1. Just name the residue that is modelled with the lowest pLDDT out of those in the stretch 274-314 that are over 18 Å from Pro89 (Cα atoms) and among the polar types (S, T, N, Q).
2. Residue check, Gly9 against (1) within 19 Å of Phe320 (Cα to Cα); (2) touching a helix residue (DSSP H, G or I) at 6+ places or on another chain (Cβ under 9 Å), all met but one. Which one?
3. Provide a single number: the residues in the stretch 194-213 that are among the polar types (S, T, N, Q) and either on the phi > 0 side of the Ramachandran plot or surrounded by fewer than 19 Cβ atoms within 10 Å (Cβ to Cβ) (or both).
4. Suppose we filter the stretch 311-369 for residues that are outside any helix (DSSP H, G or I), within 23 Å of Arg124 (Cα to Cα) and of a type in the set (D, E, K, R); how many remain?
5. Looking only at residues that are among the hydroxyl-bearing types (Ser, Thr, Tyr) and buried (at least 22 other Cβ atoms within 10 Å of the Cβ) in the stretch 302-352, which one is nearest to Val182 (Cα to Cα)?
6. When both residues are 6+ apart or on different chains and their Cβ atoms are under 6 Å apart, which pairs have a first residue that lies in the stretch 186-197 and is in contact (Cβ under 8 Å) with a residue 40 or more places away in the chain, and a second that is small (Gly, Ala, Ser) and assigned to a helix (DSSP H, G or I)?
7. What number of residues within the stretch 155-174 satisfy the criterion of being under 13 Å from Pro139 (Cα atoms) and either in contact with a Cys (Cβ under 6 Å, 6 or more places away or on another chain) or surrounded by 14 or more Cβ atoms within 10 Å (Cβ to Cβ) (or both)?
Amino acid sequence: MTYAAFLWGLVWAGMFTGLYNTTYVLMHKSVVNYIQGARAFLPIAAAYLGLVWLLARRPKFVFAGTPLAFLSGYCLIGFLSSLLLSPEPGESMYWLGLYAAPLLVIWYCLEKDDAAAYLRLVMRINYAFFFLLTMVILPEAFRVGWGNLPPVQQYTLPFGLGAQRTNGAGRFALVVIIVCVVRFLTSRRRSRWLWPPMAVAASFLLLQTQSRTSLLGLAVTALLLVVLLGVDWRYLFIGPLMAAGAWFSGFKLRARGQMDMLVDLTGRQYTWQKGLAQTLKSPFLGWGFNADRILLNAEHMHNSYLHAAIHGGFLGALFFAATFISLWVVIIRSRLLRRARLMPDPDKAYLFESILIAGFLTARGFFESTGAFYGVDLLLLVPALAFIGVMSRRPAEEPSIPEESAA
């Protein structure tokens with residue numbers, strides 16, 4: 001499992017950097033700048049190692065019949081459009097390599113006999129990064145205080161990693177809340193009481209950001225959590241409490257009690273129009289990865305499906321949409337919402353978290369480019385899809401590998 005952790009670490013290592021950090025002048029200014037530039041290619045190294053393993057072992061296509069098959073199809077279409085149609089093929093192929101890296105690593109994990117244990121390891125790495133990033137942001141959040149959020153708040157990251165806007169910080173906080181709440185509810189150990197303080201701190205950050213996509217995710221996950229837990233009077237307060245927090249921060253604070261401010265798209269609709277116009281110029285295969293930044297003067301699409309369309313045309317967008325549609329088809333057909341609470345430990349907690357994270361990312365995709373390009377959301381989405389797929393094919397009564405052996 002050490003090799004899988006190494007590969008997933010390489011995938012994460014490219015976060016908060018890019019080709020913009022690789023210029024000769026910038027990299028030679030300092031050691032930190034050099035490291036930032038070198039990090040931009042580490043996910044490419046993971047993709048290369050994954051591809052070498054794929055060609056050497058020639059394993060079966062383990063994504064067949066799962067949502068990841070459609071996501072892989074979107075990636076393949078993006079390869080063709082990046083190579084053949086992109087105005088900047090080198091840049092597009094770079095972003096394609098970043099996108100392919102997590103898919104190849106998860107393919108490697110699913111080929112193992114104890115695939116669930118490998119996926120749990122990958123998700124623990126994800127959680128470690130999310131907890132770390134949240135802890136880094138929290139001091140600044142506490143300094144800003146409640147009700148004093150500047151119009152364009154950005155939370156500074158250390159070591160020259162840049163800054164996170166409220167949407168990004170809210171995403172970190174919500175995932176931390178999901179993990180803390182699930183671990184508290186599914187564990188019987190005394191140590192579970194360590195989770196609530198972190199959940200409270202993350203809730204402060206989430207509500208402070210007033211991020212509508214994260215607050216929408218909070219409401220969606222609250223509903224899913226109630227369904228997952230079943231009719232149990234001990235937990236019936238959780239859904240309304242989380243929904244009340246989303247309403248207070250989003251409607252009362254962010255929108256100041258005005259519905260038109262709550263549903264305001266903050267200019268996204270104009271970017272959507274420009275992106276759709278570019279897509280119609282190459283409707284079948286699109287313009288390749290990173291096309292929104294190349295063709296729209298560095299604007300970001302802020303919609304997963306339109307982002308997928310400008311990357312891979314309407315064919316790519318169809319495959320991308322099928323990823324999320326098939327995800328919920330799998331969950332409903334396999335009755336995972338009911339069976340999840342019957343799963344043995346430690347799979348129960350990870351399955352709860354995967355379903356809640358999938359629900360959050362599904363809702364987030366309508367207003368952010370979730371999963372359509374290499375980013376934090378993609379690194380959350382791919383292992384969650386894989387774990388849901390594995391659990392959907394496993395009887396609830398089947399014993400699982402102990403958590404200790406997955407370490």
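1. Only one residue fits best here, namely Asn303.
2. (1)
3. 1
4. 1
5. Initially, the stretch 302-352 is screened for residues among the hydroxyl-bearing types (Ser, Thr, Tyr), giving 304-305, 323, 326, 334, 350.
Imposing the further condition that a residue be buried (at least 22 other Cβ atoms within 10 Å of the Cβ) reduces the set to 304, 323, 350.
On the way: Ser304: 27, Thr323: 25, Tyr350: 9 Å.
This residue is Tyr350.
6. Within 6 Å, the pairs are Thr186/Ala349.
7. So the count comes out to 3.
Quick grid of which residues meet (1) modelled with pLDDT of 90 or more; (2) among the hydrophobic types (A, V, I, L, M, F, W, C); (3) part of a helix (DSSP H, G or I):
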position	(1), (2), (3)
Asn167	no, no, yes
Arg171	yes, no, yes
Arg183	yes, no, yes
Trp193	yes, yes, yes
Val200	yes, yes, yes
Leu215	no, yes, yes
Leu236	no, yes, no
Ala243	no, yes, yes
Phe248	no, yes, yes
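The values are calculated or read from the model by the stated rules, or taken from the named source; none is laboratory data. Because the structure is a prediction, the values reported are computed rather than measured. Because the Cβ atoms are built from the backbone with ideal geometry, glycine has one as well, and the counts that use them run over all protein chains shown.
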